[in-house]
Amino acid sequence: MSHLPRIGIVTVSDRASRGEYEDRGGPAIQAWLAEVLACAWEPVPRVIADEQPLIESTLRELCDHERCCLVVTTGGTGPARRDVTPEATIAVCDKVLPGFGELMRQVSLTKVPTAILSRQLAGTRGGSLIINLPGQPKAIGECLEAVFPAVPYCIDLLEGPYLTTREERLKAFRPGQKPPATHR
Amino acid sequence: MSHLPRIGIVTVSDRASRGEYEDRGGPAIQAWLAEVLACAWEPVPRVIADEQPLIESTLRELCDHERCCLVVTTGGTGPARRDVTPEATIAVCDKVLPGFGELMRQVSLTKVPTAILSRQLAGTRGGSLIINLPGQPKAIGECLEAVFPAVPYCIDLLEGPYLTTREERLKAFRPGQKPPATHR
Amino acid sequence: MSHLPRIGIVTVSDRASRGEYEDRGGPAIQAWLAEVLACAWEPVPRVIADEQPLIESTLRELCDHERCCLVVTTGGTGPARRDVTPEATIAVCDKVLPGFGELMRQVSLTKVPTAILSRQLAGTRGGSLIINLPGQPKAIGECLEAVFPAVPYCIDLLEGPYLTTREERLKAFRPGQKPPATHR
């Protein structure tokens, strides 16, 4: 098994999983992480249907067997009947971290009033952090920009690998360090 | 049965339900909707006591039998012992949409510091959206102004009727359309 | 039993409870309350380990037997394995008041991006209000400044004692009064 930090990237979409639709969310997450992370890392991608048991088993596999320190999902966070990503995430998490969803909705709300329809959240499963992102590629970047400064320290607290970012691009914050002068 | 979109309006108040107190919340909701909605619609009003089983059965009736695409409640969202509207709402909902409560509290917080005591939330039950509003008539309008731009699209996602608003009064947002230039 | 309002102050920390580490959180809370409250009151302090059953039994004792109208905790709200204060709080509460955690995270987020990792919350148990604060003494004051204006009225609604604050230092808000002109 590789010793590089591994990051699960899960596209949840009925149509993308049937190949009717090109997956744009997963590649958008991978491109964003490639741009921001300074350390070497390994993506572990999955494209699956909007089925709660399948989402749950995929998240468990990525956390427990693939040893991903971070798992990021895209899609399935809305109010429609087939949107069940948050339900699956809550079911596999030990702890829910409400601040992630609050901040992501707040940021998206400056763009579109329908941001309040998103139920995206984050939580921990053992030593892994799971974050739900929206399905729209543009919204993915906005949400990651908002929450990622807290992600490396969260993974430290979960006793995972030490992630580093390209500081001129996005500054990760670890308490004990001086907070960024320009923060918010 | 009428083919007009139906909207349930539920006043939850021990005193109003006993007639000791004139219901001002329900009429405030109805007046606000009459002013904002451009499409024809039909109100389905109820005035009930702060009893959790009664609130639950009223919400179920309005969603399942009266076929309301939207049910709006007023009252019973505070921390007092008799305040149980959020508990009843969670009990009947399939999905909770945390962004509604977050935004309504944020807006009310610009008026009064006690906004954080409100536990108001929104969720879906089958094809219906349920939204808890505070009891104060003034706060009702403030909360509806904040969240209603996202309501018609939410009801689209739930496969309900196509609601339209008087655009010069309040612009509903549906993704794929250009977001309002002046949003927030 | 004293007739003064009693306020429980619970430091949750493995190291402080073993004496390996001086408790700074509990004294910071007590000093803040002494500065802000105008009425006489009595602190009921506890220093305990990060064990969920112990936190639960301490909260129950302070609410039910010590008759504290307010119980404030510090520590154990992060995402790490030993952080279980929110879980214990939810377990003993009748109602969770999500607005407290939302506002405290929002305020902390203006200081440090890692504020979203805090799971702090508030809730009621019978006639008592329980509020989780972060572990860092500096963050304790920031969070109390933000939420305390709503605390005396919350305790009124729970039929507890009438708390008063030194108005020139921090103005408590009770609806029916004129809201502070400078609020936010």
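The values are calculated or read from the model by the stated rules, or taken from the named source; none is laboratory data. These figures come from a predicted structure and were not determined experimentally. Please note: Cβ atoms are built from the backbone with ideal geometry, for glycine as well, and neighbour counts cover all protein chains shown.
Things to note:
- Restricting the stretch B:63-89 to residues that are touching a strand residue (DSSP E or B) at 6+ places or on another chain (Cβ under 6 Å), of a type in the set (V, I, T) and within 14 Å of another protein chain (Cβ to nearest Cβ), the residue that is farthest from B:L129 (Cα to Cα) is B:T77.
- Only residues that are polar (S, T, N, Q) and within 9 Å of another protein chain (Cβ to nearest Cβ) were counted in the stretch B:121-145, giving 2.
- Flag for A:L133 being modelled with pLDDT of 95 or more, under 25 Å from A:L157 (Cα atoms) and within 11 Å of the chain's Cα centre (by Cα): yes
- Selection status of A:G8, within 14 Å of chain C (Cβ to nearest Cβ), under 20 Å from A:G141 (Cα atoms) and not hydroxyl-bearing (S, T, Y): no
- Residue match in the stretch B:158-180 (condition: at pLDDT below 95, more than 22 Å from A:M104 (Cα to Cα) and at the interface with another protein chain (Cβ under 9 Å from one of its Cβ atoms)): no
- Flag for B:R60 being within 11 Å of another protein chain (Cβ to nearest Cβ) and touching a residue at least 60 places away in the same chain (Cβ under 8 Å): no
- Taking the stretch A:90-102 as the range and being among the small types (G, A, S) and either at the interface with another protein chain (Cβ under 7 Å from one of its Cβ atoms) or at positive phi (or both) as the test, the residues that pass are A:G99, A:G101.
- All positions within the stretch B:11-55 that are in contact with a Lys or Arg (Cβ under 7 Å, 6 or more places away or on another chain), assigned to a helix (DSSP H, G or I) and surrounded by 15 or more Cβ atoms within 10 Å (Cβ to Cβ): B:D14, B:V36
Yes/no per residue for (1) of a type in the set (G, A, S); (2) under 18 Å from C:W32 (Cβ atoms); (3) out of contact with any Phe, Trp or Tyr (no Cβ under 8 Å at 6 or more places or on another chain):
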| site | (1), (2), (3) |
| --- | --- |
| C:L117 | no, no, no |
| C:A122 | yes, yes, no |
| C:I140 | no, yes, no |
| C:Y153 | no, no, no |
| C:T165 | no, yes, no |
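- Residue match in the stretch A:135-156 (condition: charged (D, E, K, R) and in contact with a Gly (Cβ under 7 Å, 6 or more places away or on another chain)): no
- A:L37 being hydrophobic (A, V, I, L, M, F, W, C), touching a Cys at 6+ places or on another chain (Cβ under 8 Å) and modelled with pLDDT of 95 or more: no
- Residue check, A:R105 touching a helix residue (DSSP H, G or I) at 6+ places or on another chain (Cβ under 7 Å), more than 14 Å from chain C (Cβ to nearest Cβ) and not hydrophobic (A, V, I, L, M, F, W, C): no
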